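Please read the structure below before turning to the comments.
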Amino acid sequence: MKIYHITCSTDSNYVQHCMAMLCSLFENNKDYIFNVHLLHHGLSVEGQGLITKLCGSYKNIITFYDIDEKLTAEFRISEDHPNLSVATYYRLLLPSLLNDDIDRLLYLDCDVIVLDNIMELYNLDLDGYGVAAVRDATPANNYHRLIMGLELNDIAFCAGVLMINLAYWRKHNCQQNMLEYINKMGDRLVLEDQDVLNHEFHKHWFQLAHKYSKFPMALAVIDQTQKKADILEYVFFPSILHYASFTKPWLNISIPDGDYYWKYVELSGFPNPKKTIISKAEARQLQRMKLRFYLNTYVRPFIPDFIELFLKDVANILVLPLLVFRKDGFKKYRLKRWLSKYGVI
């Protein structure tokens, strides 16, 4: 029977989340055999045992790769990303870690949950492409755009879900190219390995539908390149949930679609799962995000357009006096209003 290859990176702190992700993949793709290539450094014996037991319960294969820390000694993680470790870079080493007969495999972040059969990803024609991925909202600004080597109208991809064409990586010496770029950029990278991957494949990536990376805090993705069918699939039949950015389901503040994560934590058999306690400031920020999401999802669609326009105009008038005396406040407000008149924002 054919074996399908998958890879992920973790450490001892993320075993709970890694097992939830793997369990969701196995549970929704029971008719297939997976070989999990798990990249780590110093993963505890207990953690390896738990993951091995999970894979065995679904008759899947697990292979552990303990990455030599000397290979990642120069890699940097931004202080803005406390949830990340150098483990996020491990996948860049895949061509030298895996046998040459493995020509493609699926990479999944540990903060994703698979909800459906994903075999169509393995059947993609990736000739000429290094990866298949979902479009990302970045770059955030021109500096970030240049870091990734993008032109003005280029788009970037999210590196949380990747179908990797290893044959392409080997043919074009991509591993060496990316390691050299990391050393060249030092601490100037904005989104760590995602920037590196975009720089390497910005002209050679296959764009997937947004349903392969649904963000829990978005009812739908505003992307003019989509068809209506793509939007409907994203909303009602997503294949993969991606708890990207700050919105993690294991925090002590619940989030939309967080129940899927806890469902697969329980099914995975991880003992004594825990929630991460966040600070009061972080909790307030997350609660505000949730409030905006619920208002946008369940209230705004039913407000008549003329009432919404009236309320916006009243709010704009009320806020104007508060901005006049702020440094650059009035200029930014004026620009925002001018752009809105022309439908730019």
What lysines could a cross-link reach from residue 290, if we take a straight Cα to Cα line under 17 Å and drop same-chain neighbours fewer than 8 places away? 214, 248, 280
With axes computed from alpha carbons, what is the tilt in degrees of helix 329-341 against the longest principal axis of the chain, rounded to the nearest 10 within 0 to 90? 80
As a test, work out the antiparallel percent of DSSP beta bridges whose residues both lie in the chain, rounded to the nearest 5. 35
Comparing 192, 266, 120, which has the greatest mean-square fluctuation in the GNM of the chain with Cα pairs linked when under 10 Å apart? 120
Please determine, in degrees from 0 to 90 and to the nearest 10, the orientation of helix 280-298 with respect to the longest principal axis defined by the Cα atoms of the chain, where the helix direction is its Cα long axis. 70
Share of region 55-178's accessible area from carbon and sulfur, percent, 1.4 Å? 44
Measure nothing fancy, just the Cα-based angle from helix 305-324's long axis to the longest principal axis of the chain, in degrees from 0 to 90, nearest 10. 80
So what is the calculated 222 nm ellipticity per residue for the chain, using -39500 (n - 2.57) for each DSSP H run with n of 4 or more, over all residues, to the nearest 500 deg cm²/dmol? -12000 deg cm²/dmol
Residue-normalised value, i.e. accessible area per residue, for the chain at 1.4 Å probe, in Å², stands at 55
Name the long-range amide H neighbours of residue 44: under 5 Å, sequence gap of 5 or more, or other chain; modelled H, no Pro or chain starts. 12
To the nearest 0.05, the calculated FRET efficiency linking residue 124 and residue 303 through their beta-carbon distance, R0 being 56 Å, is 0.85
Note down the accessible area of residue 19, probe 1.4 Å, to the nearest 10 Å². 0
Scan of the chain for trypsin sites (Lys or Arg not before Pro) in DSSP loops with at most 16 other beta-carbon atoms within 10 Å gives a longest site-free stretch of 77-202
Near the amide H of residue 35, under 5 Å away, which other amide H atoms are found, from residues 5 or more places off or on another chain, if H is placed in the peptide plane? 4, 5, 6, 61
Cross-link reach from residue 30 to aspartates and glutamates, straight Cα distance under 19 Å and at least 8 residues apart if same chain, gives 116, 120, 266
Work out the FRET efficiency for residue 229 and residue 203 from their Cβ-Cβ distance, taking R0 = 25 Å, and round it to the nearest 0.05. 0.35
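The values are calculated or read from the model by the stated rules, or taken from the named source; none is laboratory data. Values in this document were obtained by computation on a predicted structure and should not be read as measured data. Cβ: placed from backbone, ideal geometry, glycine included. Neighbour counts: every protein chain shown. Surface areas here come from the heavy atoms of the whole protein model, side chains and all, with no ligands, DNA or RNA. Shrake-Rupley method; radii C 1.70, N 1.55, O 1.52, S 1.80 Å.
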